[in-house]
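Read through the structure below, which is laid out as structure tokens, and then see the notes.
The values are calculated or read from the model by the stated rules, or taken from the named source; none is laboratory data. Keep in mind that this is a model prediction, so the values were computed, not measured. So basically every Cβ, Gly included, is an ideal-geometry build from the backbone, and we count neighbours across all protein chains shown. For accessibility, only protein heavy atoms count, side chains too; no ligands or nucleic acids. Shrake-Rupley method; radii C 1.70, N 1.55, O 1.52, S 1.80 Å.
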Amino acid sequence: MTELFRSGLLMSKKRRENCVFFIIFSVVFALFCRICFLQIFSFRFLQKKAEKEHLALVKFPAFRGAILDRKGRLLAVSLPAESLYVSPKFIQEPEKTADILSKYLGEEKSGLLKKMGRNENFVWIKRQLNREDYEKIEELHLPGVGFCEEFKRVYPKGILASHILGFADIDGKGLSGAERENDALLKGESGWYLLIKDAKRRVIPSLERKSKEGSQGLDLILAIDEKIQEITEEELEKVYQEFHASAATAIVMDPFTGEILGLANRPTFDPNSPGSFSPSFLRNRAITDLFEPGSVFKTVTAAAALEEGIIKPIDRIFCENGKWLYRNHFLHDHEPYKNLSFQEVIAESSNIGTAKVALKLGEEDLYRYACSFGFGEKTGIDLPGEIKGILRPLNKWSKYSIIALPIGQEIGATPIQNICALAVIANGGKYVKPYLLKEVRNSEGMVVRQTRTESKQIISVKTALTLTSILKDVVKKEGTAFSANVYGYSVAGKTGTAQKIVAGRYSHSKFVASFIGYAPADNPKIIVLVMLDEPKSLYYGGLVAAPAFKEITRRVLAYLEVPSENLVATNENLITENTKKKYSHE
Amino acid sequence: MYLREQFKIYHSLLITTVLLVGFGVIMVYSASGISSGEKFHDPYYFLKREILWATVGFSLLFLISRFDYHYFAKISKPLLLFSIFLFVLLFSPLGVSAGGARRWLRIGPLTLQPSELAKLAVVVYLAEFLSRKRKKITEFATGFLPPLILLAPFVIFLLWEPDLGTAILILMVSFLLLFIAGAKLSYLGSLFLCSLPAFFLFIYKSPYRRARILTFFQPCADPQGIGYQINQSLIALGSGGILGKGLGKGAQKLFFLPESHTDFIFSIVGEELGIFGTLFLLFLFTFLICQGKKLAQDSRDAFGYFLATGITLMIGLGAILHIGVAMGVFPAKGTPLPLVSYGGSALVVSLMAIGILLNISTQLEEKI
């Protein structure tokens with residue numbers, strides 16, 4: 001080489017060689033930059049593109065938790081069910097396939113052919129088939145027809161507790177009732193795995209794949225007792241039919257804990273096929289419908305008056321012979337009373353007597369007590385769609401309000417608000433928050449969460465006991481709801497007969513009849529509300545709702561094996577004696 | 001002193017070659033395992049053959065490295081003729097077509113690719129010619145024209161196959177060798193200008209080549225259509241990122257990238273081993289080019305110089321072409337990555353070429 005370098009020719013060769021390699025190394029450097037750019041800066045962008053190409057996310061639905069009653073009886077459960085889909089591209093004989101499917105599924109052939117003609121990879125044909133159809137179609141191994149396991153929500157008891165349970169849609173999403181309220185607990189977490197697909201859209205099983213196990217939804221234990229619910233439904237149905245009411249509601253609650261033991265509405269629906277019922281049937285009237293509480297509210301007025309000490313049960317009030325003019329408004333009683341004791345005013349449900357007591361009490365105190373008894377505010381029951389009712393604030397009161405409100409007018413409340421208000425008297429003066437969800441359990445049966453009663457003392461035990469003894473009079477011979485008497489138990493309760501407002505005026509033909517009562521009166525196990533909307537032929541709460549109350553109470557107490565009090569007059573006096581002793585202790 | 005130098009180049013070349021081939025064998029298996037398992041019901045189909053060819057190749061490499069390279073000067077013309085003869089055989093029933101190209105000869109169980117031997121034959125011939133006629137290289141008729149006339153049949157055969165990639169590679173290597181040897185720039189320039197119309201005509205006559213060129217300028221225009229290969233290759237490289245998805249865990253070889261074990265092996269390396277894998281390969285080839293260049297400068301005579309330069313350019317430009325295509329820098333044209341991609345003929349010929357380099361390295365010029 002050295003000799004070559006001596007010639008000028010080769011000097012130029014050297015330069016040319018350097019030039020060539022300079023270009024080559026420049027290109028190599030450019031490639032180096034390009035590699036860095038692609039693999040570092042474009043990494044995220046290209047990785048996403050790659051994932052889109054290779055990965056397919058396959059979700060498998062979580063097993064939705066079951067809903068059980070307080071004794072563990074099944075109210076709602078998810079069962080595996082196969083759903084049928086087609087992959088139009090893989091169907092070989094659309095005509096034949098459509099024929100077969102229409103035969104088994106009972107669907108229009110033309111509709112099926114239309115679905116099969118879609119330019120998609122996946123078209124649902126029918127979801128959640130029954131077992132027999134699935135097995136028959138599966139046997140045929142039709143190309144392009146596939147099955148996918150899903151869970152079907154089943155309500156084995158049909159209409160029982162339908163408004164409490166609500167229902168879930170086909171994808172297992174709770175749409176109403178407890179299903180919706182507790183959807184997050186019930187639904188669990190759906191699992192998934194990533195499939196790696198090749199360019200021919202086939203799944204590659206050998207390559208490692210990411211996956212996540214789903215978790216089963218939690219089971220709900222409701223406060224409902226299936227048996228009590230059954231009694232409630234049956235008795236409500238009877239009275240609903242008998243009086244041709246437009247709607248009806250019954251609630252059974254534990255007055256001490258706020259647990260809802262039974263809750264039924266009429267009209268009702270079957271959660272297994274909610275779509276076939278009119279939307280108004282799906283409404284849980286116990287929490288969504290507004291009524292004037294009527295005479296039931298007189299208990300609140302009485303409680304306020306007694307608690308504030310402005311009147312004693314034996315104080316006498318002149319009831320104006322059934323017609324009283326106050327500030328240019330006539331107030332009527334259903335019977336002309338002269339002088340009644342305060343006790344009698346409530347028992348006989350005298351509007352005039354109650355209004356006069358309220359006047360003594362004053363607007364502010366009345367409003368305060370109405371609030372503390374839960375009116376104008378949601379009870380907070382764990383069901384979706386509850387409304388808060390109407391309780392006008394003081395500054396919106398008319399001059400007439402002070403005699404309208406105490407008798408349960410100018411106020412709107414839901415059945416659940418009413419029963420909660422009366423429960424305060426039943427349980428010795430505590431306002432308890434009603435609830436349905438008693439416990440949450442995981443799939444192993446461990447209790448994950450337990451609801452605790454929320455209560456607040458709003459009137460004294462003494463006042464509550466006094467009122468209980470007054471409410472006991474309601475169902476005695478001289479009271480307004482004699483037919484609420486349950487043989488062998490003492491019953492306390494209050495009727496309500498509210499005129500419905502039609503076109504801005506109180507109607508004389510449309511009423512809401514209600515009865516709320518509890519038994520055994522001195523140590524109540526249950527408090528029961530029965531409310532009928534627009535009953536025909538009769539409308540007094542004492543005549544319409546009280547008999548249904550009596551039946552429900554009688555059967556529920558028997559079911560709960562509450563010892564009979566075997567009441568005779570002397571025994572009752574004895575209890576009154578005991579009550580008096582309790583007072584003296586305080 | 002000079003013994004040490006010679007020792008150093010010899011071993012660094014050998015180690016680089018072993019690393020590249022070893023790396024290649026692993027990557028060929030990773031890239032082809034699934035597709036060959038499906039096609040031939042044997043995931044090791046390509047791996048077994050690659051190992052066999054590597055064994056044959058390394059045997060030849062060691063044989064040739066002990067064999068004075070000057071002997072190649074003597075057989076340069078017969079080698080050239082033999083190479084042309086193999087091309088002619090493509091017309092015989094021995095020729096095998098695949099994927100729209102007639103590039104292979106089937107002789108019993110063996111499949112040969114005449115174009116691979118042609119590369120080496122052309123380099124050896126040009127080295128011999130240029131070392132012999134280097135004084136006359138500036139003359140047109142005696143220095144510049146003869147190599148062009150001899151190149152013509154190769155280029156015609158390669159374009160007929162068609163194997164545009166190899167044709168371009170051979171033309172580029174020849175062009176650069178002539179340039180380095182001192183051919184007049186005016187000759188080279190006019191040759192280049194003359195070939196341009198022919199080149200364009202060739203590309204525009206075939207719709208698929210035209211499409212490739214067009215998509216090169218707009219790779220994302222139609223990701224499912226013509227730009228598919230470039231797009232898939234970029235996705236493979238990019239999704240590998242810095243660390244890669246792990247050896248064997250790439251997904252682009254699942255029929256997203258066609259011929260991933262040959263034409264797109266670099267993309268698979270990028271996907272599975274990340275930037276470490278790609279830069280490692282780039283480094284090995286750069287090192288090989290540097291060593292080849294050094295070897296050429298230190299070689300004892302002009303033949304050695306041109307031979308070493310030619311072989312270095314052949315392997316180096318081949319690698320650059322392959323990597324550039326994989327990264328969408330050059331219009332998509334499948335060429336194998338020398339020493340790494342699957343392909344018996346290519347591997348054996350490349351290893352033989354390295355064998356020649358090794359022999360040159362044992363006969364370095366003494367430095368004072």
Quiz prompt | Span per principal axis, largest first, for the Cα atoms of segment A:441-524 (Å) | solution = 57, 38, 29
Exercise. Kindly provide the Kirkwood hydrodynamic radius of segment B:1-143 in Å, to one decimal, from all pairs of distinct alpha carbon atoms.
Key: 18.5
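Segment A:292-355: percent of C-alpha pairs farther apart than 18 Å? Provide the component values of the computation, followed by the final result.
On the way: 651 of 2016 pairs.
Looking at segment A:292-355, the distances longer than 18 Å represent 32 percent of pairs.
Give me the summed buried accessible area for the A-B pair, 1.4 Å probe, to the nearest 100 Å².
Details: alone 29570 and 16910 Å², together 42180 Å².
Interface area, both chains combined: 4300 Å², rounded to the nearest 100.
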Self-check item: Built amide H within the under 5 Å cut-off of A:A248, gap 5+
Solution: A:R266, A:D533
Self-check item: In degrees, nearest ten, helix A:131-140 long axis to first principal axis of chain A (Cα)
Solution: 20
Quiz prompt | Computed label-point distance, nm, for sites A:K96 and A:H332 using a 7 Å Cα→Cβ extension | solution = 8.0
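Per DSSP H run of at least 4 residues, take -39500 (n - 2.57); add these up for chain B, divide by its residues and hand me the 222 nm value, nearest 500 deg cm²/dmol. Numbers along the way, then the final one.
On the way: 12 runs with 256 residues, N = 368.
Helices in chain B give a 222 nm mean residue ellipticity of -24000 deg cm²/dmol.
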Quiz item: For segment A:479-564, taking Cα atoms only, what is the radius of gyration to one decimal and the Dmax to the nearest whole Å?
Solution: 14.1, 49
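Once you have the Cα-Cα distance between A:E377 and A:E135, take 0.36 nm times their residue separation minus that, and quote the gain in nm to one decimal. Show your work: numbers first, answer last.
Values: separation 242, 0.36 × 242 = 87.12 nm, distance 5.35 nm.
So the chain would gain 81.8 nm between A:E377 and A:E135.
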Self-check item: segment B:159-203: radius of gyration and largest Cα-Cα distance (Dmax), Å
Solution: 11.6, 32
Quiz item: Which whole-Hz couplings ³J(HN,Hα) result when phi for each residue of segment A:525-541 is put into the Karplus expression 6.51 cos²θ - 1.76 cosθ + 1.60, θ = phi - 60°, listed in order with x for Gly and Pro?
Solution: 8, 9, 10, 10, 10, 10, 9, 10, 9, 6, x, 9, 6, 10, 9, 5, x
Quiz item: Counting other Cβ atoms within 10 Å, which trypsin sites (Lys or Arg not before Pro) in segment B:123-167 have at most 12 and lie in a DSSP loop?
Solution: none
Quiz item: So, with a 1.4 angstrom probe, what is the percent of accessible area on segment B:2-362 that is carbon and sulfur?
Solution: 72
Self-check item: Leading residue at positive end of dipole, chain A (Cβ point charges), from A:T299, A:L46, A:A519
Solution: A:L46
Quiz item: What FRET efficiency do you get for A:K396 and A:R452 if R0 is 45 Å and r is their Cβ-Cβ distance, rounded to the nearest 0.05?
Solution: 0.80
Quiz item: Got a sec? Which residues of segment B:287-305 lose 50 Å² or more of accessible surface with every protein chain in place, vs. that chain alone, 1.4 Å probe?
Solution: B:I289, B:K293, B:Q297, B:Y305
Quiz item: Semi-axes of the equivalent ellipsoid of chain A: what are they in whole Å, largest first, if each equals the square root of 5 times a C-alpha gyration tensor eigenvalue?
Solution: 71, 30, 22
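With a 1.4 Å probe and all protein chains left in place, how much of the accessible area of chain A comes from carbon and sulfur atoms, in whole percent?
Values: 14630 of 27310 Å².
In chain A, the share of accessible area belonging to carbon and sulfur is 54 percent.
Taking the Cα centre as origin and putting +1 on Lys and Arg beta-carbons and -1 on Asp and Glu beta-carbons, what dipole magnitude results for chain B, to the nearest 20 debye? Can you show the working numbers first?
Working: 30 positive and 19 negative charges, 123 e Å.
In debye, rounded to 20, chain B gives about 580.
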Exercise. List, in order, the whole-Hz ³J(HN,Hα) value for each residue of segment A:447-464 obtained from phi through the Karplus relation with A = 6.51, B = -1.76, C = 1.60 and θ = phi - 60°; use x for Gly and Pro.
Key: 7, 8, 8, 9, 7, 10, 5, 9, 9, 8, 6, 10, 9, 6, 4, 4, 4, 4
Self-check item: Nonlocal amide H pairs with A:Y326, under 5 Å, H built at 1.01 Å
Solution: A:L331
Quiz item: Which of B:A98, B:A181, B:A121 moves the most in a Gaussian network model of chain B with Cα springs under 10 Å?
Solution: B:A98
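Averaging sequence separations of C-alpha pairs under 8 Å and six or more residues apart, then dividing by the length of chain B, give the relative contact order as a whole percent. Please list the in-between numbers first.
Numbers: 545 pairs, mean separation 104.5, N = 368.
The value is 28 percent.
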Self-check item: Equivalent ellipsoid semi-axes - Cα gyration tensor, segment A:134-289, angstrom
Solution: 43, 20, 12
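List the trypsin sites (Lys or Arg not before Pro) in segment A:374-476 that DSSP assigns to loop (not H, G, I, E or B) and whose Cβ has at most 11 other Cβ atoms within 10 Å. Which are they?
Values: sites: A:K378, A:K388, A:K396, A:K399, A:K430, A:K438, A:R441, A:R449, A:R452, A:K456, A:K462, A:K472, A:K476; in loops: A:K378, A:K388, A:K399, A:R452, A:K476.
Listed in order of number, the matching sites are A:K399, A:R452.
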Practice problem: Evaluate E = 1/(1 + (r/R0)^6) for B:F200 and B:E139, where r is the Cβ-Cβ distance and R0 equals 30 Å; express this FRET efficiency to the nearest 0.05. | Solution: 0.50
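How high is the relative contact order of chain A, given as a whole-number percent (alpha carbon pairs under 8 Å, six or more residues apart)? Please list the in-between numbers first.
Values: 1222 pairs, mean separation 76.7, N = 586.
Once normalised by length, the contact order is 13 percent.
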Practice problem: Can you work out the accessible area per residue across the protein assembly as shown, with the rest of the protein chains kept in place, probe 1.4 Å, in square angstrom? | Solution: 44
Quiz item: Tell me, what ³J(HN,Hα) does each residue in segment A:264-272 have, in order and in whole Hz, if you take phi through Karplus 6.51 cos²θ - 1.76 cosθ + 1.60 with θ = phi - 60° and put x for Gly and Pro?
Solution: 9, 10, 10, x, 10, 8, 9, x, 6
Quiz prompt | A:R449 long-range amide H proximity, modeled H, under 5 Å | solution = A:V440
Practice problem: Would you kindly state how much longer the chain becomes between A:C36 and A:D169 on full extension, computed as 0.36 nm times their sequence separation minus their alpha carbon distance, in nm to one decimal? | Solution: 42.8 nm
Quiz item: Once label points are set 7 Å from the Cα along Cα→Cβ at both B:T362 and B:I149, what is their separation, rounded to one decimal in nm?
Solution: 3.7
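Kindly provide the helix-only [θ] at 222 nm of chain A, computed as the sum of -39,500 (n - 2.57) over DSSP H runs of four or more divided by all residues, to the nearest 500 deg cm²/dmol?
On the way: 21 runs with 220 residues, N = 586.
The per-residue figure over chain A is -11000 deg cm²/dmol.
Based on the Cβ-Cβ distance from A:E189 to A:R127, what FRET efficiency comes out when R0 is 25 Å, to the nearest 0.05?
Details: r = 22 Å, r/R0 = 0.86.
The formula returns an efficiency of 0.70 here.
How large is Rg over Rh for segment B:2-362, taking Rg from the Cα atoms and Rh as the Kirkwood inverse mean of 1/r across Cα pairs? Walk me through the numbers before you get to the answer.
Details: Rg = 20.1 Å, Rh = 21.0 Å.
Ratio of gyration radius to Kirkwood radius for segment B:2-362: 0.96.
Based on the Kirkwood radius over alpha-carbon pairs, what is the Stokes-Einstein translational diffusion coefficient of segment A:1-132 at 25 °C with 0.890 mPa s viscosity, in µm²/s? Write down the numbers at each step before the final one.
Details: Rh = 22.7 Å.
Rounded, D is 108 µm²/s.
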Exercise. Would you list, by chain and number, the lysines whose Cα falls below 28 Å from the Cα of B:K184, excluding same-chain residues fewer than 8 positions away?
Key: A:K13, A:K14, B:K74, B:K77, B:K119, B:K133, B:K135, B:K136, B:K293, B:K294
